[in-house]
Amino acid sequence: MATGQLFSRTTQALFYNYKQLPIQRMLDFDFLCGRETPSVAGIINPGSEGFQKLFFGQEEIAIPVHSTIEAACAAHPTADVLINFASFRSAAASSMAALKQPTIRVIAIIAEGVPESDTKQLVAYARANNKVVIGPATVGGIQAGAFKIGDTAGTIDNIIHCKLYRPGSVGFVSKSGGMSNELYNTIARVTNGIYEGIAIGGDVFPGSTLSDHVLRFNNIPQVKMIVVLGELGGRDEYSLVEALKEGKVTKPVVAWVSGTCARLFKSEVQFGHAGAKSGGEMESAQAKNQALRDAGAVVPTSYEAFETVIKETFEKLVEEGKISSVKEVTPPQIPEDLNTAIKSGKVRAPTHIISTISDDRGEEPCYAGVPMSSIVEQGLGVGDVISLLWFKRSLPRYCTKFIEICIMLCADHGPCVSGAHNSIVTARAGKDLVSSLVSGLLTIGPRFGGAIDDAARYFKDAYDGGLTPYEFVESMKKKGIRVPGIGHRIKRGDNRDKRVELLQRFARSNFPSVKYMEYAVQVETYTLSKANNLVMNVDGAIGSLFLDLLAGSGMFTKQEVDEIVEIGYLNGLFVLARSIGLIGHTFDQKRLKQPLYRHPWEDVLYTK
């Protein structure tokens, strides 16, 4: 491995398995360091393509998403690092696929628990092809002021505190990602900071070793001293011991192997990492520390003294003139995400939508404050749900039953009415369910099913204004307005609409008052004296009876009743009901596999 520096200010990476937070942290670090281009060139999300929106400073950017490693490498040939956030189940296969790409030079494998046999194959392939594997079970690494992998070094506040936004003079390598953060702080306190830091990962067979990176650091001119944090278990540290003895490392090495407390336990102890357990005296922390000390590394007597010897070593190099002072820079302010700022109380942001009918923020959705489970447990029906979502209150059972009757009676009126006809023609044209439904719904209006609101409005104004049926009808005639809710193309005075009769019968038996309905009946009596087809239709029945429901229930103010009629609630009832039938006609045509509809010539009057 050896060679030298892995990353620079122009290094770009591909990120495998989209994770918003670590990618955003990388981009925030880029901005903090003053990079001109984002370090994440593309995202690989198997099965997905497109873009992901993220922030680069104050600017929102779109990072391409590719479905395969091959496609991403082809699209971003200058991206030579792959950060693999795949699970331990697929990390090996995806990492091998990346290693086989000629553009990929370094891979960081974040997952823990990658099978050891798979890791050995990855390591062998990487070494044979002069590539670098960091991990598995790693947080990654960082080139101060240039590039960082994923969540390395934690939050922006920690990065600033550790002065990682600009390069220092210390090369650092550790097995532990968590302890890396601790040492970044320590090194920043007593030296001019980190130049490069790597966490090789805590698995038994890491893709690269402590000595691999120490030898690299030895070849980097900007690195003046090296800090190593090992741990009990395995024999990785002994390769570093040999390198020191052979004189391959010419820069001061300050090292500590953690886990000296293991001897306090009577039996073998497995620490946090898979590789952190002593398999014998040579793998103990004490033996490794002594071997490193004997080989020439600066090794403290305890972890508590680690900071002191790092400081002493650094100060000696400064005195010898081998380390010059680092120019301090003030990093830019990272814009705070709106959600974070709101939670911390720093800003107030107006909402964009107001909702008073439902709330899905708790353990279960609520309709007008009533939990979903309560609706089911009480055996409430569709009418009750409509009363909650439309009227924001629980209406009496006779009201919700009336709503349900209206839905059942208005669900369909055969294939010949305009709405059903449109849905049938659209379905036979091969269109989908939603298109077929909408084509039928778009015919609803003043001439088809949309007269319920108008019927309620005119009947209410006339009744409340004290007009007699005669005065009402004649005044509408003078204005050139047909009375909404009166008139039918098929039904007659001697062949009334059965739906109207059912609604009126239910209301007379259950409503406390039917004054508006009785007024509509009187209007019908007068209009029938003029023409036998001027009979009350279902729009008129529902419109007048809904006025009685609203007024007679005692649950609505006069202003609320007026608002309900004005907004169009009653037409909404017809739209909801008729959607059932339109969907049925769509399914019927598709089930029957009906061909494209063409209107017959003989049913068209062609004229000049």
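The values are calculated or read from the model by the stated rules, or taken from the named source; none is laboratory data. A quick note: this is a predicted structure, and the numbers were derived from the prediction, not measured. A quick note on method: Cβ atoms are made from the backbone with ideal geometry, for glycine too, and the neighbour counts reach across all protein chains shown. These area figures cover heavy atoms from the full protein model, side chains too; ligands, DNA and RNA do not enter into them. Shrake-Rupley method; radii C 1.70, N 1.55, O 1.52, S 1.80 Å.
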Once phi is turned into θ = phi - 60°, what whole-Hz ³J(HN,Hα) does the Karplus curve with 6.51, -1.76 and 1.60 give for every residue of segment 111-125, x standing for Gly and Pro? 5, 8, x, 5, x, 4, 5, 5, 4, 4, 5, 4, 4, 4, 5
Evaluate the relative contact order of the chain (contact order divided by residue number), counting alpha-carbon pairs under 8 angstrom at least 6 apart; express in whole percent. 9 percent
Packing-ranked peptide list from 345-352, 80-87, highest mean Cβ count within 10 angstrom first, is 80-87, 345-352
Potential extension, residue 341-residue 481 segment - 0.36 nm per residue separation minus Cα distance: 44.6 nm
Label segment 279-335 by shape, choosing from rounded, prolate and oblate, from the square roots a ≥ b ≥ c of the eigenvalues of the Cα gyration tensor; if a/c is under 1.5 it is rounded, and otherwise prolate applies when a/b is larger than b/c, oblate when it is not. oblate
May I ask for the angle, rounded to the nearest 10°, between helix 498-510 and the longest principal axis of the chain, with both axes built from Cα atoms and the value confined to 0 to 90°? 80 degrees
Stretch gain in nm, segment residue 293-residue 401, where the contour uses 0.36 nm per residue and the Cα spacing is subtracted: 30.1 nm
Calculate one ³J(HN,Hα) per residue across segment 535-545 by plugging θ = phi - 60° into the Karplus curve 6.51 cos²θ - 1.76 cosθ + 1.60, and present them in order as whole Hz with x for glycine and proline. 9, 5, 9, 5, 4, x, 5, 5, x, 5, 6
For the chain, build the charge dipole from Cβ charges (+1 Lys, Arg; -1 Asp, Glu) around the Cα centre, then report which of 569, 114, 351 sits farthest towards its positive end. 569
Quick calc, residue 372 & residue 555: beta-carbon distance into FRET formula, R0 30 Å, rounding 0.05, result 0.85
Based on the Cβ-Cβ distance from residue 282 to residue 245, what FRET efficiency comes out when R0 is 22 Å, to the nearest 0.05? 0.90
Put +1 on the Cβ of each Lys and Arg and -1 on the Cβ of each Asp and Glu in the chain; which of 178, 582, 46 then has its Cα farthest toward the positive end of the dipole? 582
Can you order the peptides 154-163, 26-35 by their average number of other Cβ atoms within 10 Å per residue, highest first? 26-35, 154-163
Sum of side-chain charges, residue 72 neighbourhood, beta-carbon under 14 Å (Lys, Arg +1; Asp, Glu -1): -2
Label segment 1-92 by shape, choosing from rounded, prolate and oblate, from the square roots a ≥ b ≥ c of the eigenvalues of the Cα gyration tensor; if a/c is under 1.5 it is rounded, and otherwise prolate applies when a/b is larger than b/c, oblate when it is not. oblate
Would you work out the charge dipole size for segment 411-592 about its Cα centre, treating the Cβ of every Lys and Arg as +1 and the Cβ of every Asp and Glu as -1, and quote it to the nearest 20 debye? 740 debye
Under the 7 Å Cα-to-Cβ spin-label approximation, residue 36 and residue 355 lie apart by a distance in nanometres of 4.6 nm
Can you tell me the accessible area per residue over the chain, all protein chains present, probe 1.4 angstrom, in square angstrom? 49 Å²
Counting Lys and Arg as +1 and Asp and Glu as -1, each charge on the Cβ, what is the dipole of the chain about the Cα centre in debye, to the nearest 20? 1360 debye
Points 7 angstrom from Cα along the Cβ direction at residue 471 and residue 121: gap in nanometres? 9.3 nm
Backbone HN-Hα couplings from phi across segment 213-225 [Karplus 6.51/-1.76/1.60, Hz, Gly and Pro as x]: 7, 4, 5, 5, 4, 5, 8, 9, x, 6, 7, 9, 8
Distance in nm between label sites at residue 441 and residue 87, each 7 Å beyond Cα in the beta-carbon direction? 3.8 nm
Residue 227's amide H: which non-local residues (gap 5+, or another chain) put their own amide H closer than 5 Å, with H modeled 1.01 Å from N in plane and none for Pro or chain starts? 171, 172, 173, 254
For segment 44-109, with only Lys/Arg (+1) and Asp/Glu (-1) charged at the beta-carbon, what is the dipole magnitude about the Cα centre, in debye rounded to 20? 260 debye
Where a ≥ b ≥ c are root eigenvalues of the Cα gyration tensor, a/c under 1.5 meaning rounded, otherwise prolate if a/b exceeds b/c and oblate otherwise, the chain counts as prolate
If amide H atoms are modeled at 1.01 Å from N in the peptide plane, then the residues at a separation of 5 or more from residue 52, or on another chain, having amide H under 5 Å from its own are 63, 65
Non-local amide H neighbours of residue 148 (under 5 Å, H modeled in plane, Pro and chain starts lacking H): which ones? 143
Which percent, nearest 5, of DSSP beta bridges in the chain are antiparallel? 40 percent
Compute the length gained on full extension between residue 494 and residue 429: take 0.36 nm times their separation in residues and subtract their Cα-Cα distance, giving the result in nm to one decimal. 19.4 nm
Among 295, 124, 17, whose Cα sits farthest toward the positive end of the charge dipole of the chain (+1 at Cβ of Lys/Arg, -1 at Cβ of Asp/Glu, about the Cα centre)? 17
